[in-house]
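Okay, here's the structure, questions in a sec.
The values are calculated or read from the model by the stated rules, or taken from the named source; none is laboratory data. Remember, it's a predicted structure, so these values are computed and weren't measured experimentally. All Cβ positions, glycine included, derive from the backbone under ideal geometry; neighbour counts span all protein chains shown. Just the protein is used for accessible areas: all its heavy atoms, side chains included, with ligands, DNA and RNA removed. Shrake-Rupley method; radii C 1.70, N 1.55, O 1.52, S 1.80 Å.
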Amino acid sequence: MSDFIQKIKSLSDKYFEEIRDIRRHLHTNPELSFEEHNTASFIEHKLAEFGIQDVQRVANTGVTFCLDGREKGKTIALRADIDALPITEENDVSYRSRNDGIMHACGHDAHTASLLGAVKILNDLKNNWKGTIKFIFQPAEEKSPGGASILIKEGILENPKPEKILGQHVMPLIEAGKVGFRKGKYMASADEIYLTVKGKGGHAAMPENFVDPIAITSQIIVSLQHIVSRFANPKMPTVLSFGKISGGTVTNIIPDEVKVEGTFRTFNEEWRKEALAKIRDITTNIAESMGGSCEVKFAPGYPFLINDEDYTERNIGAARDFLGAENVEELDLWMAAEDFASYSHYVDACFYRLGTRNEEKEITSGVHTPTFDIDETALKTGMGLMAYLAINELEN
Ligand code: NI
């Protein structure tokens, strides 16, 4: 296999500048979730340039196609997300965003460029692998309900049905040249919570005549801490955080209502349902017991992400062969959410992290910040390893 690894690595080197320029083009021209029209056209244009046929649109701004190897075999899917975030870029680089207030601050430009690199490599090596690879350039990872769930509804996991799905995501905590894997549950489900606590406003000097939603809200927030500390199984990570409270105007007026917004995250679908029901019960009961009321709304987010144990184990082994064992790290649980999770509830999935950090080049900013950037040498690993993992799975 080592000759073959060398072959893929030399193709990654050969295509590096082209793929880096693709990443820079995408970085300069970011588009928000569900609005990736130019991005999708650009991907189609590149695929045509690479000689790829039968490319299809899915969910308006998604792009997909299948590539067949030398003979029939398994089908696997490779996925990249293509959307950007509503952030104003602060990096002073030649490829800085030219779309005001929009930035590839989560590295989806790197995922897309890497997958295009993998397309080139896998297309060049078509006689070296059997089966079918379905490529998915997925829109709207960043915005609920997420592009993945829409693509699944539109049949992306059928005709042909992939047996495995692989995705990668940049990770500025890991050095460029390295990657990270985790078997089993990896990322959390995330639901948004919107509470409107209603009372009856009036002069703060006469509280006995009114219903104070600020006092009620305080009780609610304190009581909801029981969800994590008393109701959650301590062996099941759970987060309940409130990021926003708004209500009231000045010191001496009791307002009519207070709005609270928060997020609930965990790793078990049954507990997720149960916990949201408890949140509803606790908030409405407290508000009513104090003479007010509470309107509770949930915006359901992505499910938890689970990496298939066996498939991920095989990928870890293959990644060690490709990069050297010292360049393959084990990841911790991560309470953030990612819409690749949706696929992982239908197909054996593996979602791994591509290191993009470089302290010497001062590339250390976190994702979703205005100074986020990547060490572009990571694109070599981004395209090469993905191509190798695909072939390894199809051949074995
Ligand atoms: Ni992302």
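Per residue of segment 344-355, in order, report the coupling 6.51 cos²θ - 1.76 cosθ + 1.60 (Karplus, θ = phi - 60°) as ³J(HN,Hα) in whole Hz, putting x for Gly and Pro.
So the Karplus estimates, Gly and Pro as x, are 5, 8, 10, 9, 4, 10, 9, 10, 10, 10, 9, x Hz.
Give me the angle, in degrees from 0 to 90, between the Cα long axis of helix 213-226 and the longest principal axis of the Cα atoms of the chain, rounded to the nearest 10.
Long axis of 213-226 versus the principal axis of the chain: about 50 degrees.
Another question, if that's okay. For segment 290-296, what does the Karplus curve 6.51 cos²θ - 1.76 cosθ + 1.60, with θ = phi - 60°, yield as ³J(HN,Hα) per residue in whole Hz, taken in order and with x for Gly and Pro?
Along segment 290-296, the couplings run 9, x, x, 8, 9, 8, 10 Hz.
Counting only protein heavy atoms and a 1.4 Å probe, tell me what percentage of the chain's accessible area is made up of carbon and sulfur.
Working: 8120 of 17400 Å².
The C+S portion of the solvent-accessible surface of the chain is 47 percent.
Where Lys and Arg each count +1 and Asp and Glu each count -1, what net charge lies around ARG70 among other residues with Cβ under 14 Å from its Cβ?
0
I would also like to ask the following. Can you tell me the 0 to 90 degree angle between the C-alpha axis of helix 2-28 and the longest principal axis of the chain, rounded to 10?
With rounding to tens, the tilt is 50 degrees.
Among the listed pairs LYS120/LYS178; LYS134/LYS235; LYS126/LYS380; LYS183/LYS380; LYS14/LYS153, give every one whose C-alpha distance is greater than 27 Å.
Too far apart for the 27 Å limit: LYS134/LYS235; LYS14/LYS153.
Would you mind getting the accessible area per residue of the chain, heavy atoms of the protein chains only, 1.4 Å probe, in Å²?
On a per-residue basis, 44 Å².
So, one more: Placing unit charges on C-beta atoms (Lys and Arg positive, Asp and Glu negative, everything else neutral), compute the dipole magnitude of segment 191-299 about its Cα centre in debye, rounded to 20.
On the way: 12 positive and 13 negative charges, 60 e Å.
Rounded to the nearest 20 debye, it is 280 debye.
Which of the lysines could a cross-linker bridge to LYS244, judged by Cα under 26 Å and excluding same-chain residues fewer than eight apart?
Cα-Cα hits under 26 Å: LYS143, LYS198, LYS200, LYS259, LYS273, LYS278, LYS297.
Percent relative contact order of segment 191-299, based on C-alpha pairs within less than 8 angstrom and at least six residues apart?
On the way: 210 pairs, mean separation 47.7, N = 109.
So the answer I get is 44 percent.
Go through segment 42-55 residue by residue and turn each phi into a ³J(HN,Hα) via Karplus (6.51, -1.76, 1.60, θ = phi - 60°); whole Hz please, and just put x for glycine and proline.
Karplus values, whole Hz, x for Gly and Pro: 4, 4, 4, 4, 5, 4, 4, 4, 7, x, 7, 10, 6, 7.
Can you check what the net charge comes to around LEU47, using other residues whose Cβ is under 13 Å from the Cβ of LEU47 (Lys, Arg +1; Asp, Glu -1)?
Result for the neighbourhood of LEU47: 0.
So, counting K/R as plus one and D/E as minus one, what does the shell of residues with Cβ under 9 Å around VAL93 add up to?
Numbers: positive: ARG24, ARG96; negative: GLU89, ASP92, ASP373.
Spelling it out: positives minus negatives among the neighbours equals -1.
Then there is this: Working from Cα positions, state the angle (0 to 90°, nearest 10) between the long axis of helix 108-124 and the longest principal axis of the chain.
Tilt of helix 108-124: around 20 degrees.
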